[in-house]
Amino acid sequence: MKLTRTADLWWKTAVVYCLDVETFRDGDGDGCGDFRGLTQKIDYLDRLGVTCIWLMPFYPSPDRDDGYDITDFYGVDPRLGTLGDFVEFVRTARDRGMRVIADLVVNHTSDRHPWFQDARSGRDSRHRDWYVWADEPPPDGPKGVVFPDKEDSLWQYDEHTGQYYLHRFYKHQPDLNVANPEVRDEIARIMGFWMELGLSGFRVDAVPFMLETDGQADASRLPDPHDYLADLRAFLSRRNGEAVLLGEVNLPYADTMAFYGGEQGDELTMCFDFVGMQKMYLALARRVARPLAEALRERPAPPKDGHWATFVRNHDELTLDRLSDAEREEVFQAFGPEENMQLYGRGLRRRLPPMLDGDPKRLKMVYSLLFSLPGTPVLFYGEEIGMGEDLRAEGRLAVRTPMQWRPGPGAGFSDADPSRFPGQVVEGRYGPDRVSAAAQRRDPGSLLSWIGMLTRRYRENPELAWGDLDILDTGTDQVLAHRCSREGGTVVALHNFSQDPVEARLTLDELDSSWLLTDLLVDGTTEVASDGTAVVRLDGYGCRWLRPVPRDQALPD
Ligand code: GLC
């Protein structure tokens, strides 16, 4: 594999780490996380193997949707620091070879944004057309409220100007009108601004909603939204050839492909694999690999330089909206049977370890899967140490609790009185006295050590990221066996979804008994028979990564 190409397309072997500055680390002792605190923790992220930090929104905000309701796209929330602190952080990250991307939330603004304040001041105001207005909610308009517990309509009547405005999310988040060329210019200006300050791209929030023009007065005359996304990508690439757009597109695979720009591949660089993620939970609930294997067989390869982004958990509810009602119910029953664990009827507000009853083998298996499947792995802060959720917190905030750095009441997140924290620290079995980065750092058997090893092995074996994927038949339903091959190199990974030990039979046609399968995660080798078959033993919830090597070179690098 050409090294220059691997380095140019850095996102294909990246390890992305998503965090909220507010809950990560308090550097000035006021109880709120901030850029200074985050900067102190960069070496922790570097040691873990993170190569790209994704910052959740850090812009000024009334914080009614945890920062996804923005009042100034060009600033830093004063509670988190200053632009100066931001630049110091980016500079420090880059010094460690890490890139930084940030949430680009331009489907909507906060209703307190000066643009919206102006827009609602009168029908002929300067920014009126920056938002989407209608005399009556149009019958052919977009459907489906995103927050069914709080909203029952996508249109909110504005008394003062006598029209309705569109809001896909909360009513305090009016949708921007991206069909308006002025809005488009402004979005490019926002991107240009942060790129100039050192960002390497964006995680683009709610992409399908942002591009949607249904229900607008003259929707059919509007320019094709995909042309707009391609324009944004072209703009980004002109400013910085290595910058990426990582898009939130939660749609079936066939529809998602359009957001890569189809065959052209000139829109999003990466899309999250929401389907694969949901099928993985179904497979875990059933203790059978098949649902995930089927999804992976169906999953199209992204065009050109595109790549999937894979994840186990993100910052929102763990959405199960791509499963059938019966399948979703199975996952609810297995991992979140109580009403308080569920959200919006479609997802779970839990983190993985409590869902798996803290079973360390099963947890390690899931992360091994994350790092071995093709796609850029994206971690959500705290996953690496197995943090749990706080069901006392409202809605999605259950999984956005302060990072647990060390034992003690403030969890090393802050020295201030915990009553000043942005949210309560988790208590009990998953609290900082039992789950913390400091303790796990000293324990070679910890989840933190395991994930550190996985990041290294994943980067050392680029076939996993670059190779062609084959799902192998092993004769057992419990095991997912997949192989990634490229330019003569092959890695085979096996994951046992059941609690019972199994023997999986592999057939690797090109091999014979002059080969051995060498383990990449632990010491060990497996014999290959003269017809290319190999019997691989897996413990309950076991996982193995194997590389075929000629018998006389049995120790890989
Ligand atoms: C995305 C974000 C979510 C946010 C919403 C509105 O779905 O992931 O956290 O609430 O957009 O911006």
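The values are calculated or read from the model by the stated rules, or taken from the named source; none is laboratory data. Bear in mind that the values here come from a model prediction, so they are computed numbers and not experimental data. Heads up, the Cβs are rebuilt from the backbone with ideal geometry, glycines too, and the neighbour counts pull from every protein chain shown.
Kindly indicate whether any position in segment 359-380 is basic (Lys, Arg) and farther than 30 Å from Glu463 by Cβ. Spell out how you get there, then give the answer.
Residues of segment 359-380 basic (Lys, Arg): 361-362, 364.
Checking the rest, the ones that are also farther than 30 Å from Glu463 by Cβ come to none.
No: segment 359-380 contains no residue that is basic (Lys, Arg) and farther than 30 Å from Glu463 by Cβ.
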Q. From the set of residues in segment 405-453 that are in a loop (DSSP other than H, G, I, E, B) and on the phi > 0 side of the Ramachandran plot, which is surrounded by the fewest Cβ atoms within 10 Å (Cβ to Cβ)?
A. Gly408
Q: Identify all residues within segment 159-209 that are assigned to a helix (DSSP H, G or I), within 16 Å of the ligand (Cβ to nearest atom) and in contact with a Leu (Cβ under 8 Å, 6 or more places away or on another chain); write none if there are none.
A: Ile187, Ile190, Val207, Pro208
Q.
Among the residues that make up segment 66-74, is at least one of them away from the ligand (no atom under 16 Å from the Cβ) and buried (at least 19 other Cβ atoms within 10 Å of the Cβ)?
A. no
Q) Is it the case that Asp305 is surrounded by fewer than 18 Cβ atoms within 10 Å (Cβ to Cβ) and within 16 Å of the ligand (Cβ to nearest atom)? A) no
Q: Considering each residue of segment 230-275, count those that are assigned to a helix (DSSP H, G or I) and touching a strand residue (DSSP E or B) at 6+ places or on another chain (Cβ under 8 Å), and give that number.
A: 7
**Q.** Residue that is surrounded by the fewest Cβ atoms within 10 Å (Cβ to Cβ) [pool: residues in segment 90-148 that are at pLDDT below 95 and within 14 Å of the ligand (Cβ to nearest atom)]
**A.** Gly144
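Are any residues in segment 509-538 acidic (Asp, Glu) and outside any strand (DSSP E or B), and if so, which ones?
Residues of segment 509-538 acidic (Asp, Glu): 509-510, 512, 519, 523, 527, 531.
Residues satisfying the conditions are Asp509, Glu510, Asp512, Asp523, Asp531.
Of all the residues that make up segment 454-486, how many are part of a helix (DSSP H, G or I), more than 18 Å from Leu511 (Cβ to Cβ) and charged (D, E, K, R)? Before you say what the answer is, go through the steps one by one.
Pass one, segment 454-486, residues part of a helix (DSSP H, G or I): 454-460, 463-466.
Within this subset, residues satisfying the condition of being more than 18 Å from Leu511 (Cβ to Cβ) are 454-460, 464-466.
Now narrow it down to the ones that are charged (D, E, K, R): 456-457, 459-460.
Selection size over segment 454-486: 4.
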